[in-house]
Amino acid sequence: MPDYGLKDAETYMLQIGDALVSLDVVERHFVCNLDACRGACCIEGDAGAPITEEEYRQLQELLPQLLDDLTPAAREVIARQGVAYVDEEGDLVTSIVGGKDCVFTCYGENGRCMCAIEKAFREGRIAFYKPLSCHLYPIRITRYPAFTAVNYHRWKICKAAEVLGRKEGVRVYRFLREPLIRCFGEAWYDELAHTAEIYLQQKEK
């Protein structure tokens with residue numbers, strides 16, 4: 001099989017531009033199954049969603065249009081510490097309620113968790129979709145001086161998404177086409193998709 005990327009002791013990666021893309025992104029399947037998980041990624045974990053300084057400013061500006069959809073507890077946290085904080089690793093992340101729930105969580109039918117930011121966007125009330133890190137999940141981006149790492153984060157609460165992805169034959173990079181284009185641009189994504197197809201064809205031989 002041709003060498004499509006950089007090899008280390010444990011894994012292969014595809015190099016697309018200055019980004020190193022884990023083969024998990026290409027090989028594994030994923031389609032969100034909200035009927036099964038009910039949006040658990042918004043309320044599980046020990047830190048908020050990573051955001052940029054620009055996203056922080058946007059969320060501050062948009063807050064008045066989001067407050068009515070937030071829980072009383074979330075509004076209290078925001079009043080006390082704002083829409084974001086710096087976590088133990090030094091990253092800027094959305095504020096959380098009770099040590100886990102994102103403050104921008106709201107609830108829809110049957111108790112399903114929803115993102116209040118995305119809800120407002122879909123209703124045409126704001127022009128900002130949601131933070132890129134949320135849009136990209138389960139892909140996580142880490143930027144280093146020499147390259148950008150693109151990794152697939154496996155989480156037990158997303159098991160149903162892996163099952164549905166295999167059933168429908170949708171790979172992670174295909175499911176996340178829109179946010180990957182948002183992050184890297186369409187030309188980059190097209191190169192990734194083309195390279196991934198070649199790699200998968202060769203892998204099946």
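The values are calculated or read from the model by the stated rules, or taken from the named source; none is laboratory data. Just so we're clear, the structure is a prediction, and the values are computed from it rather than from any experiment. Heads up, the Cβs are rebuilt from the backbone with ideal geometry, glycines too, and the neighbour counts pull from every protein chain shown.
Selection of region 93-146 for residues being of a type in the set (D, E, K, R) and touching a Lys or Arg at 6+ places or on another chain (Cβ under 8 Å) yields Arg112, Glu118.
Here's the yes/no breakdown for (1) under 18 Å from Leu132 (Cα atoms); (2) among the hydrophobic types (A, V, I, L, M, F, W, C); (3) at pLDDT below 80; (4) not assigned by TED's automatic domain parsing to the domain that holds Ala146:
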| site | (1), (2), (3), (4) |
| --- | --- |
| Met1 | no, yes, yes, no |
| Lys7 | no, no, yes, no |
| Ala19 | yes, yes, no, no |
| Asp24 | no, no, no, no |
| Asp46 | no, no, yes, yes |
| Tyr56 | yes, no, no, yes |
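Applying the condition of being of a type in the set (Lys, Arg) and outside any helix (DSSP H, G or I) to region 146-205 and asking which residue is farthest from the chain's Cα centre (by Cα) yields Lys205.
I'm trying to understand the selection: among the residues of region 141-179, which are of a type in the set (A, V, I, L, M, F, W, C) and in contact with a strand residue (DSSP E or B) (Cβ under 7 Å, 6 or more places away or on another chain)? Answer for region 141-179, where residues must be of a type in the set (A, V, I, L, M, F, W, C) and in contact with a strand residue (DSSP E or B) (Cβ under 7 Å, 6 or more places away or on another chain): Ile141, Phe147, Ala149, Val150, Val170, Val172, Leu176. Consider region 116-127 and keep the residues that are more than 19 Å from the chain's Cα centre (by Cα) and not hydrophobic (A, V, I, L, M, F, W, C). The one that is surrounded by the most Cβ atoms within 10 Å (Cβ to Cβ) is Arg125. The single residue among Cys106, Cys113 that is surrounded by 18 or more Cβ atoms within 10 Å (Cβ to Cβ), at negative phi, in contact with a Gly (Cβ under 9 Å, 6 or more places away or on another chain) and assigned by TED's automatic domain parsing to the domain that holds Arg57 turns out to be Cys113. State whether the residues of region 128-143 include one that is outside the structural domain of Gln60 (by TED's automatic domain parsing), exposed (fewer than 12 other Cβ atoms within 10 Å of the Cβ) and over 18 Å from Leu34 (Cα atoms). Checking region 128-143: at least one residue is outside the structural domain of Gln60 (by TED's automatic domain parsing), exposed (fewer than 12 other Cβ atoms within 10 Å of the Cβ) and over 18 Å from Leu34 (Cα atoms). So for region 151-165 (the condition being touching a residue at least 60 places away in the same chain (Cβ under 8 Å), out of contact with any helix residue (DSSP H, G or I) (no Cβ under 9 Å at 6 or more places or on another chain) and of a type outside the set (Lys, Arg)), does at least one residue qualify? Yes, the conditions are met somewhere in region 151-165. Reported count of residues in region 118-128, each being within 27 Å of Arg171 (Cβ to Cβ) and either modelled with pLDDT under 95 or in a strand (DSSP E or B) (or both), is 2.
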